[in-house]
Amino acid sequence: LGEYRSQADRFHNDRVLTTIGALSDPAYAGRETGTDGAKAAADYLAREMEAIGLFPGGEHETYLQTMAAPRQHLLDLPRMSIVHESGEVEPLVYRTDFAEFPYGRPPDEPVRGRVIGVAPGPLPAVAS
């Protein structure tokens, strides 16, 4: 561990807290992969790495490396309802009554229930 002492001595709590504060700013828009906020955060960190004297290890002698990281995003909150035989529509609450399985991973707890049918789109016409 002694060989890393010089690097550890250069660690400054105040600089870390300043960086965390900066990256938490709404200007970085959450820093989610593929967004302008993520690009701005990466550029900020690259400037910080250069400022403390790190050697660039990214592409084209920079501190950045491009990586494909596709993510699925909801454009709106999902809605689901139960349409009873009587025509009554019972809306369900997202993430309380139903939820998606991210990347096909099932929930940690068993889920049991009877499903008659699930269909995307508008409510079907119900015979009265």
Those residues that are closer than 20 Å to Ala51 by Cβ and either charged (D, E, K, R) or open to solvent by 90 Å² or more (accessible area, probe 1.4 Å) (or both), I need them from segment 19-35; list them, please. Ile20, Asp25, Arg31
Considering each of Glu48, Glu61, Glu3 in turn, give the residue that is at pLDDT 85 or above, farther than 30 Å from Glu100 by Cβ and exposed (fewer than 11 other Cβ atoms within 10 Å of the Cβ). Glu61
Pairs under 6 Å by beta carbon, first residue under 27 Å from Ala68 (Cβ atoms) in segment 12-41, partner open to solvent by 100 Å² or more (accessible area, probe 1.4 Å) and of a type outside the set (Val, Ile, Thr), six or more apart or different chains? Thr33/Arg71; Gly37/Arg31; Ala38/Arg31; Ala41/Arg31
Report yes if some residue within segment 50-65 is in contact with a Ser or Thr (Cβ under 9 Å, 6 or more places away or on another chain), among the hydrophobic types (A, V, I, L, M, F, W, C) and within 30 Å of His12 (Cα to Cα); otherwise report no. no
Which pairs turn up if I take residues in segment 84-101 that are closer than 17 Å to Leu74 by Cα and look for partners that are open to solvent by 70 Å² or more (accessible area, probe 1.4 Å) with beta carbon separation below 6 Å, at least 6 apart in sequence or on another chain? Tyr94/Leu77
Kindly establish whether Leu54 is surrounded by 11 or more Cβ atoms within 10 Å (Cβ to Cβ), at pLDDT 70 or above and assigned to a loop (DSSP other than H, G, I, E, B). yes
Residue hits (segment 51-75; touching a residue at least 24 places away in the same chain (Cβ under 8 Å) and closer than 23 Å to Thr18 by Cα) are Ile52
Of those in segment 82-122 that are out of contact with any strand residue (DSSP E or B) (no Cβ under 8 Å at 6 or more places or on another chain) and hydroxyl-bearing (Ser, Thr, Tyr), the residue modelled with the lowest pLDDT is Tyr103
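The values are calculated or read from the model by the stated rules, or taken from the named source; none is laboratory data. All values derive from a computational prediction rather than experimental measurement. So basically every Cβ, Gly included, is an ideal-geometry build from the backbone, and we count neighbours across all protein chains shown. Note: accessible area is taken over every heavy atom of the protein model, side chains too, but ligands, DNA and RNA are not part of it. Shrake-Rupley method; radii C 1.70, N 1.55, O 1.52, S 1.80 Å.
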